[in-house]
Every structure is written in C-alpha cells, then in structure tokens.
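Report on the following structure.
The values are calculated or read from the model by the stated rules, or taken from the named source; none is laboratory data. Predicted, not measured: the structure shown is a model, and the values here were computed from it. Note that each Cβ is placed from the backbone with ideal geometry, even for glycine, and that neighbours are counted across all protein chains shown. For accessibility, only protein heavy atoms count, side chains too; no ligands or nucleic acids. Shrake-Rupley method; radii C 1.70, N 1.55, O 1.52, S 1.80 Å.
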Amino acid sequence: MVKNFFLILAVLRSIPAFIVFLTLQEKQAVIEDMQRFGENESLWSLHKLLLRSKLFRRIFLTRVSFESRIKQKILRIFYKPSEDFTIDVVSKKMGGGFLVSHGNSTIVYAQSIGKNFLVHQNVTVGRGKKIDGNDVPIIGDNVFIGTGAIVIGGIHIGNNAKIGAGAVVNKDVPDYCTVVGNPMRIIYKKEMKDDGTVN
C-alpha cells in the first residue's frame, strides 16, 4: 500500500514533463535519446529516465530550453539536472540519440551537434580559435569523444569520427577518421568509394 502510494506520487511529479514532451517540436529527438539510454518511447520510460538519470535530465531540459526557457525552469523544479555535465548549443540544432557515458566534469559547448553523439567523462568541447566567424566546434553525425579529450575552436568534426581518450583537437577532423594524441594525429581513415559507400 505504502509502496503504491509513493509510486503514484512519483508519477504525478512527472505530469508536467509528460505535457511538455507531448507538445515538444523536438519530440522525435527525445525519443531517440531515450532509445540510446536503453529505453523505449513510452511515457513510462520517460518517467523512469527522469527519475534515475541526471544526465538524461540535462539533455531533456536542454531540448526543452530550445523552445521555451520558462518550461525548462518549471521542469527544473521537479527534476534537477546533473551539475557535472553542461550542454550549450549555439544554433539550437542538436540531433537525436545524444548519449553521455558517465559525464562527470564534461562540458559540451558547440555550434551544432549531429545525431547519435556519444561523449564520455572529463571532456571539454568549447571555445577556441575563431574560424570563419565561429569559435566553437560543429559536430557531425555519429561522433564519439573519449574520456579526457579536448575539442576546441571553430572546427568541424566530421561524420562518424572518433576522438580518442586524452586527444587535443584544434583542427578539422574529416569524416570516418579516428584521431588520437596531443598534438592530434589521424591514425585511421576510411576511404569513400566512387559509388558513395565506405571502404
């Protein structure tokens, strides 16, 4: 009886989040985030993730803030996000499937972020040398950034790029490349065939 009472009470806490989610323009992106966190697209899954994952809360609240700062501030009353993990996307373009593994002391400050971005702990993505009027990175689709990496400046991180743990990246990374080290060096690059497939 007591357990059921607290379960109902917890669901009531999520009602504002459900309403925002159902009216969100970024709803599909949130669903893709939920799937990357190992859940399905149901309201129950959203409720569970908001209850147990401060990292998911940060991603969800960032998406809400793109459309309404007021809604984001209301939801923060019910669900406090992780303070160890920060996201700021200048263009407000952030693809679905954003996943944070751990996330302690991670800052992501980018111009835009593509789909299926995966970032680990102690990572800094942020401001550096200005290139073409932009001083923060543009991140493509399916990008992985390993523990302790630093990615700075108005650079482009190509689609399907992998940035190894501890790498310092201040230059463009082409599509399908793996980058390691300080200074950065490309250790692996897939080649594109004439028909557009990857070798």
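Key figures for this structure:
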item: Positive dipole terminus of the stretch 87-132, leading residue within T106, V123, S91 (C-beta point charges); result: S91
item: Accessible area in square angstrom per residue, the chain, 1.4 angstrom probe; result: 53 Å²
item: Cα centre as origin, Lys/Arg/Asp/Glu Cβ charges: the stretch 94-162 dipole, Debye; result: 80 debye
item: Cross-link partners of K190 among lysines (Cα-Cα below 24 Å; sequence separation of 8 or more within a chain); result: K115, K162, K171
item: Accessible-area composition of the chain, carbon plus sulfur, in percent [1.4 Å probe]; result: 54 percent
item: Relative contact order %, the stretch 61-199, counting alpha carbon pairs below 8 Å whose residues are six or more apart; result: 13 percent
item: Charged-residue dipole, Cβ positions (Lys, Arg, Asp, Glu), the stretch 38-148 about Cα centre, Debye nearest 20; result: 400 debye
item: Antiparallel content of DSSP bridges confined to the chain, in %, to 5; result: 20 percent
item: Tensor-based shape of the stretch 107-199 (alpha-carbon gyration tensor, a/c under 1.5 rounded, otherwise prolate or oblate); result: prolate
item: Helical contribution to [θ] at 222 nm, DSSP H n ≥ 4, -39,500 (n - 2.57), averaged over the chain, rounded to 500; result: -10500 deg cm²/dmol
